[in-house]
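Working notes, structure below.
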Amino acid sequence: MTTALTVNGKRVAVTSTPDTPLLYVLRDELALNGAKYGCGAGQCGACTVLCDGRALRSCFVPVRTLAGRSITTIEGLRGPKGGLHRLQKAFLDQQAAQCGYCTAGMIMGAAALLREKPRPTEEDVRTALSANLCRCGTHNRIVHAVLRAAEAQHG
């Protein structure tokens, strides 16, 4: 059985079993390795992708529930002329990643926030990303990067 999805703007038909979590489909079948396995229970945020523009923890959501939906991974997040997205650039500029394991999930969660609230406050950012865990402790840099990206959008 195949499941049709749009992933990073391209229609794909995946052949994984319908109960396979989206994370495994992305990594194993589509070779999109940006989303990471962290906890397997949707609690850490390392696997965050966008589904129809909203943050989704891909590690436990069966691919069958996403048929016909639009999925965006960190690999599909693009800026002007295919360059870095403003969030990616801000993360680099603010040195918001140390080990990098949480980075894709943080950026995708922030992308969902900026879609819903283009001019977030610091508290908005902290609240939106509060369930995304960073073991390196770069949360303050991450928050500043998201705020910088929001400013760049409206600057």
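We did not get these values from a lab; they are worked out from the coordinates using the rules stated. Not measured: the values here are computed from a predicted model. All Cβ positions, even for glycine, are placed from backbone atoms using ideal geometry, and neighbour counts span all protein chains on display.
Find the centroid of the Cα atoms in the range 10-32 and in the range 49-94, then give the distance between the two in whole Å.
Here the two parts' Cα centres lie 15 Å apart.
Relative contact order of the range 80-154, please, whole-number percent, based on alpha carbon pairs below 8 angstrom and at least 6 residues apart. Kindly include the intermediate steps, with their values, before the conclusion.
Working: 69 pairs, mean separation 35.8, N = 75.
Result for the range 80-154 is 48 percent.
Work out the FRET efficiency for ASP52 and THR17 from their Cβ-Cβ distance, taking R0 = 22 Å, and round it to the nearest 0.05. Mind showing how you got there, number by number?
Values: r = 23 Å, r/R0 = 1.04.
Computed FRET efficiency for ASP52 and THR17 comes out at 0.45.
Tell me what the chain gives for mean residue ellipticity at 222 nm when only DSSP H runs of n ≥ 4 count, each as -39,500 (n - 2.57), the sum divided by the residue total, rounded to 500 deg cm²/dmol. List each step's numbers first, then the result.
On the way: 4 runs with 45 residues, N = 155.
Helix-only estimate at 222 nm: -9000 deg cm²/dmol.
Can you give the relative contact order of the chain as a percent, counting alpha carbon pairs under 8 Å and 6+ residues apart?
On the way: 277 pairs, mean separation 36.7, N = 155.
About 24 percent, as a whole number.
Ranking request for peptides 124-131, 140-147: highest mean number of other beta-carbon atoms within 10 Å first, then the rest in descending order.
On the way: 124-131: 17.5, 140-147: 22.0.
For the peptides 124-131, 140-147, the packing ranking is 140-147, 124-131.
In the calculated pair distance distribution of the chain, what percentage of Cα-Cα distances lie above 24 Å? All intermediate terms of the calculation are to be shown ahead of the outcome.
Working: 3486 of 11935 pairs.
Value for the chain: 29 percent of Cα pairs lie more than 24 Å apart.
So how strong a dipole does the range 98-155 carry about its Cα centre when Lys and Arg Cβ are +1 and Asp and Glu Cβ are -1, to the nearest 20 debye?
Values: 7 positive and 5 negative charges, 26 e Å.
Dipole about the Cα centre, nearest 20: 120 debye.
Using Cα positions and a limit of under 20 Å, work out the lysines in reach of LYS10, with same-chain residues fewer than 8 apart set aside.
LYS81
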